[in-house]
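Trainee: Questions regarding the structure given below will be posed in turn.
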Amino acid sequence: QVLSDVFNAPVFTIDTANSACLGSAYRAIHGLVAERNVSLVDVVKLAPEPRLAVTPTPGAEELYRPLLKRYAELEQKVIYNPASSC
């Protein structure tokens with residue numbers, strides 16, 4: 001629910017073992033077939049059908065939007081000037 005609220009997006013899950021590694025596996029497959037002009041979209045079509053797990057809580061976007069903006073600003077500061085961010 002937290003991810004859905006913070007990013008104001010629905011969260012989907014799939015029923016498969018080791019689903020945390022699935023994205024990397026699809027990227028690896030894509031790398032193997034890339035020379036045949038197979039798109040990542042075509043590779044991911046092999047994935048199990050996702051199911052909706054949660055949707056954003058109404059009003060959560062108002063809370064998290066300014067925090068996400070601040071987080072992005074701090075992240076940029078660290079990336080472009082890491083010595084001064086300590």
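The values are calculated or read from the model by the stated rules, or taken from the named source; none is laboratory data. Given the structure is predicted, the values throughout are model-derived calculations rather than measurements. For neighbour counting, all protein chains shown are included, and Cβ atoms are generated from backbone atoms with ideal geometry for every residue, glycine included. Heavy atoms of the whole protein, side chains included, go into the accessibility calculation; ligands, DNA and RNA do not. Shrake-Rupley method; radii C 1.70, N 1.55, O 1.52, S 1.80 Å.
Trainee: When you go through (1) in contact (Cβ under 8 Å) with a residue 12 or more places away in the chain; (2) open to solvent by less than 50 Å² (accessible area, probe 1.4 Å); (3) assigned to a loop (DSSP other than H, G, I, E, B) one by one for Val38, which number turns out not to apply?
Mentor: It fails just one condition, (1).
Trainee: I'd like to verify a number: residues in region 42-58 that are open to solvent by less than 50 Å² (accessible area, probe 1.4 Å) and aliphatic (A, V, I, L, M), how many?
Mentor: 4
Trainee: Let me ask another. Can you find, within region 43-80, the residue that is nearest to Thr16 (Cα to Cα) among those that are of a type in the set (Asp, Glu) and at pLDDT 90 or above?
Mentor: Glu61
Trainee: Contact list please: Cβ distance under 7 Å, first residue in region 9-27 and modelled with pLDDT of 80 or more, second residue of a type in the set (Ser, Thr, Tyr) and surrounded by fewer than 12 Cβ atoms within 10 Å (Cβ to Cβ), pairs at least six apart or on different chains.
Mentor: Cβ pairs passing all conditions: Leu22/Thr16.
Trainee: If you don't mind, there's one more thing I want to ask. Specify which of the listed residues (Leu63, Leu22, Leu3, Leu67) is exposed (fewer than 11 other Cβ atoms within 10 Å of the Cβ) and assigned to a helix (DSSP H, G or I). Step through it out loud before you land on a result.
Mentor: On the way: Leu63 fails: exposed (fewer than 11 other Cβ atoms within 10 Å of the Cβ); Leu22 fails: exposed (fewer than 11 other Cβ atoms within 10 Å of the Cβ); Leu3 fails: exposed (fewer than 11 other Cβ atoms within 10 Å of the Cβ).
None of the other options fit; the residue is Leu67.
Trainee: Return the residues of region 21-46 that are hydroxyl-bearing (Ser, Thr, Tyr) and in contact with a helix residue (DSSP H, G or I) (Cβ under 7 Å, 6 or more places away or on another chain); say none if nothing qualifies.
Mentor: Tyr26, the sole residue that qualifies.
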